[in-house]
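Following: one structure in structure tokens, then a few remarks.
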Amino acid sequence: MKTKVLLTSLLILGGMSVSAQWQLGFGGVGLGPVDRFDSSVYKPGAGFFMNVTSGSILPKESPYEIRFGIYLDHMWSGSKKFDVDLADPITEQGQTSFANNSVGNHFITRFGYKASPQITLFTDAIIGQRKFYSQTTTGVKGGSEEYEDDIDRVYTSRTFRYGVGVGTRFNLGKSFGIELRADYTRGNEATYFNLDEIKETATSFEYADETWAHSDLFVYGIALNWKLFRIQSSGSYNNTNDVPNSYTPASPTYRRTYPRRRTTRTTTPKKKVTPKKDIKKKEKEVPITW
């Protein structure tokens, strides 16, 4: 829902520029927790991102640009895996993983400067939200056609974010370029797996959580960038084929149709695996008071 709102806002703001070129970027990013979040156990990660920016609202002749857009990413921030014995299927070796992930949806206002025809420097004002989520995945090691993975999302934290980004776009042709960028965003409280505290006991796998009041992140990446299309004003449309239509349709012909027999394909639903050991939250030790 929030992504749809961001996209709608982008289209409205982009409509302010009637003859400017939009841009699309897609690439990989790295992630590093910073500030107080860096003192926690949240691991550095990596992932991919895409952004779409409208045409500049400033005149084409201006060396400066003001664009509006959306910035989306998905990142993985560490995991821990264990081999497990399965009660079903008992003949297969299983595996359980504990992973921290996040998904970001941001709205950006980009201020650019064309240092040369090949190089554009820019800075982004960023506002949006990031969803941190931690989940366990238990399945047959190596995959199975009969059994599907059992996925349990344990923690979900939605954080409001704001920050700034900087970058450079290198134009390699009329429509193609490479974009280097980095950004810093501040966020509120998030809960996630403490991967350093996950332990295997004789009867279970026990996980611990970590909660921090701030979830500040430093993200850096590289992307391929394309110039997409130009939004043309309706007044500039000129139809050169204003010739009266002299086409006379042929007499309709009627063809008898017969209903086709539909074939239905039944698929057998996959079964969930059953590990022999429980997956549960680690009980916190209560200090003994004398």
Rounded to whole Hz, the Karplus (6.51, -1.76, 1.60) HN-Hα couplings of segment 186-193, x for glycine and proline = 9, x, 8, 4, 9, 10, 7, 5
Whether segment 113-166 is rounded, prolate or oblate, judged on the alpha carbon gyration tensor where a/c under 1.5 counts as rounded = oblate
Taking amide H positions as placed in the peptide plane 1.01 Å from N, state which residues far from residue 274 in sequence (5 or more) or on other chains have amide H under 5 Å from it.
-> 87, 88
How would you classify segment 55-208 from its alpha-carbon gyration tensor, with a ≥ b ≥ c the square roots of the eigenvalues: rounded for a/c under 1.5, else prolate if a/b is greater than b/c, otherwise oblate?
-> prolate
Would you grab the residues whose amide H sits under 5 Å from the one on residue 70? Only those 5+ places off in sequence or on another chain, please, with H modelled 1.01 Å from N.
-> 52, 108
Can you run phi through the Karplus equation (6.51, -1.76, 1.60; θ = phi - 60°) for segment 71-80 and list ³J(HN,Hα) in whole Hz, with x for Gly and Pro?
-> 9, 10, 8, 9, 9, 10, 10, x, 8, 9
Pull up the cross-link candidates among the lysines for residue 270, meaning alpha carbon to alpha carbon under 28 Å and not fewer than 8 places away within one chain.
-> 80, 81, 141, 280, 281
In sequence order, calculated HN-Hα J values of segment 198-207 (Karplus, 6.51, -1.76, 1.60; Hz; x Gly/Pro) = 7, 10, 9, 10, 5, 10, 7, 10, 10, 10
For 143-156, 209-222, 65-78, ranked highest to lowest by mean beta-carbon neighbours within 10 Å, the order is 65-78, 209-222, 143-156
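Where a number appears in this text, it was derived from the coordinates with a stated rule and is not lab data. All of these numbers come straight from a predicted model, not from anything done at the bench. Cβ sites come from the backbone with ideal geometry, for glycine too, and all protein chains shown count toward neighbours.
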